[in-house]
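Participant: Mind looking over this structure? Questions follow.
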Amino acid sequence: MSHFIKQNDPSDLFFPGGLFLNSDTFPTSFFSLFPSSSSSSKASTVSCFSWGPTSRTKVVSVFSVIGGGGGGDFLSLSLSFNSRSNEDHQKHGRESRENVEQHEKKKVCEEEEKENNNVGLVSHGSGAINMTKHLWAGAVAAMVSRTFVAPLERLKLEYIVRGEQRNLFELIQAIATSQGLKGFWKGNFVNILRTAPFKAINFYAYDTYRNKLTRMMGNEESTNFERFVAGAAAGITATLLCLPMDTIRTVMVAPGGEALGGIVGALRHVIKTEGFFSLYKGLVPSIISMAPSGAVFYGVYDILKTAYLHSPEGMKRIEHMKEEDQGLNALEQLELGPFRTLLYGAIAGCCSEAATYPFEVIRRQLQMQVSTTRMNAMATCVKIVEQGGVPALYAGLTPSLLQVLPSAAISYLVYEFMKIVLKVESS
């Protein structure tokens, strides 16, 4: 067969139809591995059977080495596949692809879940930070407003707690003469300790409850009903958490409170003589008063604010703020502006105080009662009316309104201002 394996160039090893090997390509010892069937023709055939490691494919390899008379040697390779094995192989290939796709999908899902968890952690952390800033905005507002109106608060307590009968100017002169200027700020530190967390929780709870209710109802904007409900719930929440400090402050201001030795002494005295739960004396009237008080206070302010923002002047102001966003300071970024914030806050505070003041009088009287002569809220109310008539339920209303008007105005102004400074986001 030498005439079939003629090569033009000994370096060309590949020709169509098979692999042609030059006699010098492999050593003679390689061909001695294949037994010859005939001495005249250097031809031998070797068959190799193999099975795929992951399939049932049968491969039959037949090597034929044909020798010629010195022209070269020819190595042919024949492959055959069992048809059924081939189908199995294709089936395995499809299964492999499906497994790969499932693995990729699982990997993608795990990565998305990991990203979602990371986002959730970030959101949770951001929510905690935002809540802290929100609480601080309310606390600072309470500190500033209460310190500013502390003298008026002191006058109100003199009328309610001590049953003061002198007119306002006589009382001011008496305090200034006996205690000096600092006498008007007596108990202010304790008042701040009570009021700061109370107002912080109150403001934060109201914003949170209102936004939650709005989303639950599917409304784009809060309704008046949602505002009043949120305000009432916020007042109850703050009362439950902060009433003990209010009780201690009342005891300190009451006759003989100076001898108790400050906050710690008053706290020890109350718990020792009347038990821990005496710190919650007046809880029922407090809740009864704070629920409508919070509803009116926040509801009236939000109604006035919404009415202005929907007016042509208000929409013009908002549009101007959007255009000049980068060049405005914190006061200029107030939606209502400083003056309207003060005005609407004062109106809301006045409405709230006037509507719930009798509950305040009853609560203070309950806090001063000792365990031996303690009466319930209804009996206390009847006793007050019997002793002084219905006007007794409004004793101290004038100095209280004088205190509430600036207090509510300043607290709302500082609160809105601090939310802008601290960049508080809506809950």
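Participant: What number of residues within the range 366-423 are among the polar types (S, T, N, Q) and either surrounded by fewer than 17 Cβ atoms within 10 Å (Cβ to Cβ) or not assigned by TED's automatic domain parsing to the domain that holds Cys351 (or both)?
Facilitator: Number of matching residues: 7.
Participant: Still on this structure: I'd like to check something: does the range 255-262 contain any residue that is hydrophobic (A, V, I, L, M, F, W, C), surrounded by fewer than 18 Cβ atoms within 10 Å (Cβ to Cβ) and modelled with pLDDT under 80?
Facilitator: Of the residues in the range 255-262, the ones hydrophobic (A, V, I, L, M, F, W, C) are 259-260.
Pick out the ones that are also surrounded by fewer than 18 Cβ atoms within 10 Å (Cβ to Cβ) and you get 259.
Remaining after also requiring modelled with pLDDT under 80: 259.
Looking for residues that are hydrophobic (A, V, I, L, M, F, W, C), surrounded by fewer than 18 Cβ atoms within 10 Å (Cβ to Cβ) and modelled with pLDDT under 80, one finds at least one in the range 255-262, hence yes.
Participant: It is to be established whether one or more residues within the range 281-304 are over 24 Å from Tyr415 (Cα atoms) and basic (Lys, Arg).
Facilitator: Yes; the residues of the range 281-304 include at least one that is over 24 Å from Tyr415 (Cα atoms) and basic (Lys, Arg).
Participant: Tell me which of these Cys242 doesn't satisfy, since it passes every other one: (1) out of contact with any helix residue (DSSP H, G or I) (no Cβ under 6 Å at 6 or more places or on another chain); (2) under 15 Å from Ser289 (Cα atoms).
Facilitator: Status for Cys242: all satisfied but (1).
Participant: Out of the residues in the range 198-220 that are under 17 Å from the mean Cα position of the chain (by Cα) and small (Gly, Ala, Ser), which is nearest to Ile303 (Cα to Cα)?
Facilitator: Applying the filter and picking the extreme gives Ala205.
Participant: Quick check, is Asn191 polar (S, T, N, Q), buried (at least 22 other Cβ atoms within 10 Å of the Cβ) and modelled with pLDDT under 85?
Facilitator: yes
Participant: Going residue by residue through the range 221-238, is there one that turns out to be in a helix (DSSP H, G or I), crowded, with 19+ Cβ neighbours inside 10 Å, of a type in the set (Phe, Trp, Tyr) and over 21 Å from the mean Cα position of the chain (by Cα)?
Facilitator: Yes, some residue in the range 221-238 is in a helix (DSSP H, G or I), crowded, with 19+ Cβ neighbours inside 10 Å, of a type in the set (Phe, Trp, Tyr) and over 21 Å from the mean Cα position of the chain (by Cα).
Participant: Report, by residue number, each residue of the range 267-288 that is within 32 Å of the chain's Cα centre (by Cα) and surrounded by 23 or more Cβ atoms within 10 Å (Cβ to Cβ).
Facilitator: Within the range 267-288, Ser286 is the sole residue that qualifies.
The values are calculated or read from the model by the stated rules, or taken from the named source; none is laboratory data. Given the structure is predicted, the values throughout are model-derived calculations rather than measurements. When we count neighbours, we look across all protein chains shown, and the Cβ atoms used for this are built from the backbone with ideal geometry, even at glycine.
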